[in-house]
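To start, the structure under review is shown below, and the notes come after it.
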Amino acid sequence: MSNLISKKIRGFRDILPIESKKFLYIENVIHRIAPLFNVQQIRLPALESIDLFKRSIGETSDIVTKEMYSFEDRNNDILCMIPEGTASCVRLALENNLIYDRGPKKQRLYYIAPMFRHERPQKGRYRQFTQFGAEFFGDTSYTNDIDLILLITKIFEKLNLLDIKLSINTIGTAVDRKKYSQELVTYFHSCSEELSDAQHDTLSKNPMRLLDSKDPKLKSIIASAPLISGFLNEESQANFDTIKEKLDRLKIPFIHDPKLVRGLDYYNDLVFEWKTNKLGSQDAVCAGGRYDNLSETIGGKPVPSVGFAMGLDRIVELVDYESNVLIIGLAVISNSNDESYKILNSLRKIDLTFNLIHMDDNKSLSKQIKQADKSNCDILIIVGNDEISNNTFTVKHLKCDRKDQNIPFGQLIDLITEYKK
Ligand code: ATP
Ligand code: MG
């Protein structure tokens, strides 16, 4: 190992089988629930033009200023590994005419894709991570916002993640935010000596982002900062009140956090975030909101939209999952190893999910049984010369007190189906 010419790159991680199984389990839940909300899967390219993110996320955002993996390729185009999915998804939807045809078209899309951000690596924060995101296009109605929240709730429920807390807020329109930002500038200037140079810079470029700061020194200052609620237009306020009312009626618990803002420029009205207290400081597992102006910002026609992204690496840490796939061992005792291939082939034709482990044919039966035990097999299928001539097999039940059975090959499917009931 020490002679490896290269080790994995800082901030990137190797996902081993145990963890990969958890990813697969979560992804399967997502694929099962998405159609219930009429959301269809897309696959995003890993590279986009850098301008897409500069325009959409905002030139002054953390992602654009310090976190993008961008480079000039052989054609001198400046490309970037995607740091988030929403802008790519909107680009894809517009470019393929999925969301506009003489007017906005309703369309619901989702993706599960790796994202790349050059952040300081720590537990729960990687430079490549996987996001599941969904975007609902073409509808301004709050019912879409609610449906999106229901989709996320359903997925958390299925994964048995019951103590993830939802916070919501409204950030109104660009006009509201402009007025509010001016107020924030005045406020933060009054405690100007407490701010670092970088925070002064944020204050001059996008004051609302200071509210999102994780700097403990700013905590009490942020706590006393003015709230956006005093600057909201009536329509946004009424829409938000309706959303809160509906969530109450649907019995979806939430906290209204009037200081919740998002680190990306494109949001308006509803913003939300799900947090857990089980992961230490990297506690956000899902975040999103409405972004009615993004499609125009990147050069398309106006298409109202709402969406979210969920960090699956953090969800994997939270789920309690043990695979219950049946593990079948095969022990063949025969002079001809062609027999093994024949039997393996017929077992692999069975259209059921199980893990099949072929024991070492050249070992004695007792050694093969030991090997099956070590490999955690539930059952061992033993095929010797007698079985071959009778077209039967012997089943050894390794994890329960049942006697060995000898059954015709044709009944194997019944045995497997019955086994884990
Ligand atoms: P954070 O507050 O943790 O920096 P964020 O606001 O940058 O999150 P978003 O851009 O909203 O995150 O992404 C949505 C989700 O993706 C987050 O809630 C989190 O679960 C996950 N995520 C974001 N960045 C990372 C990362 N570097 N490593 C692992 N997961 C991440
Ligand atoms: Mg971040």
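Search the structure for amide H atoms under 5 Å from the amide H of TYR291, placed 1.01 Å from N in the peptide plane, and list their residues when 5 or more places away or on another chain.
ASN268, SER305, VAL306, GLY307
Test of understanding: what is the full-extension gain from PHE71 to VAL319, defined as 0.36 nm times their sequence separation minus their Cα-Cα distance?
Extra length from PHE71 to VAL319 when fully extended: 85.7 nm.
Can you give the FRET efficiency to the nearest 0.05 for SER364 and ASP386, using r as the Cβ-Cβ distance and R₀ = 22 Å?
It comes to 0.85.
For helix 86-95, what angle does its Cα long axis make with the longest principal axis of the chain, in degrees from 0 to 90 and rounded to 10?
90
At 7 Å along Cα-to-Cβ for each site, give me the label-to-label distance between PHE409 and GLU245 in nm.
Here the modelled spin labels are 6.9 nm apart.
Calculate for the chain the 222 nm mean residue ellipticity that helices alone would give, adding -39,500 (n - 2.57) per DSSP H run of length 4 or more and normalising by residue count, nearest 500 deg cm²/dmol.
Computed mean residue ellipticity for the chain: -10000 deg cm²/dmol.
List, in order, the whole-Hz ³J(HN,Hα) value for each residue of the stretch 266-281 obtained from phi through the Karplus relation with A = 6.51, B = -1.76, C = 1.60 and θ = phi - 60°; use x for Gly and Pro.
In residue order, the calculated couplings are 7, 7, 8, 6, 5, 10, 8, 8, 10, 10, 10, 9, 9, 10, x, 6 Hz.
Cα-based Rg of the chain per 2.2 N^0.38 Å, rounded to two decimals?
Scaled against compact globular proteins, the figure is 1.26.
Say R0 is 51 Å: what FRET efficiency, to the nearest 0.05, do ASN335 and LEU24 get from their beta-carbon distance?
After rounding to 0.05, the efficiency reads 0.80.
Would you please name the GluC sites (Glu not before Pro) within the stretch 308-352 that are DSSP coil residues with at most 11 other C-beta atoms within 10 Å of their C-beta?
Qualifying residues, ordered by number: GLU322.
Tell me the trypsin sites (Lys or Arg not before Pro) within the stretch 45-99 that lie in a loop according to DSSP and have at most 12 other beta-carbon atoms within 10 Å.
ARG74
Suppose the chain between ASP283 and ASN97 were pulled fully straight at 0.36 nm per residue; how much longer would it get relative to their current alpha carbon spacing?
63.3 nm
Between ASP14 and HIS118, what length comes free when the chain is fully extended (0.36 nm per residue of separation minus the Cα-Cα distance, one decimal in nm)?
Taking 0.36 nm per residue and subtracting the Cα distance, the gain is 35.7 nm.
Name the GluC sites (Glu not before Pro) in the stretch 99-174 that are in a loop by DSSP and that have at most 13 other C-beta atoms within 10 Å, would you?
Listed in order of number, the matching sites amount to none.
State the Cα centre-to-centre distance between the stretch 96-144 and the stretch 163-231 in whole Å.
Going from one Cα centre to the other spans 25 Å.
Fewest to most neighbouring Cβ within 10 Å: what's the order for ARG290, ARG32?
Starting with the residue having the fewest Cβ neighbours, the order is ARG32, ARG290.
Label point 7 Å out from ILE252 along Cα-to-Cβ: which residues of the stretch 33-72 have amide N under 13 Å?
37
Hey, what do the phi angles of the stretch 99-105 turn into as Karplus ³J(HN,Hα) couplings, whole Hz, using 6.51/-1.76/1.60 and θ = phi - 60°, x for Gly and Pro?
Listing the rounded values in order: 10, 8, 7, 6, x, x, 10 Hz.
In whole Hz, what ³J(HN,Hα) sequence does the stretch 234-246 give by Karplus (6.51, -1.76, 1.60; θ = phi - 60°), x for Gly and Pro?
Result, ordered by residue: 4, 5, 4, 4, 5, 4, 5, 4, 4, 4, 4, 4, 5 Hz.
Picking from LYS179, LYS403, LYS165, which is most flexible by a Gaussian network model of the chain using Cα springs under 10 Å?
For the chain, modelled as a Gaussian network with Cα springs under 10 Å, the answer is LYS403.
Just so you know, all these numbers are worked out from the coordinates, no wet-lab data involved. Being a predicted model, the structure only gives us computed values, none of them experimental. Cβ: placed from backbone, ideal geometry, glycine included. Neighbour counts: every protein chain shown.
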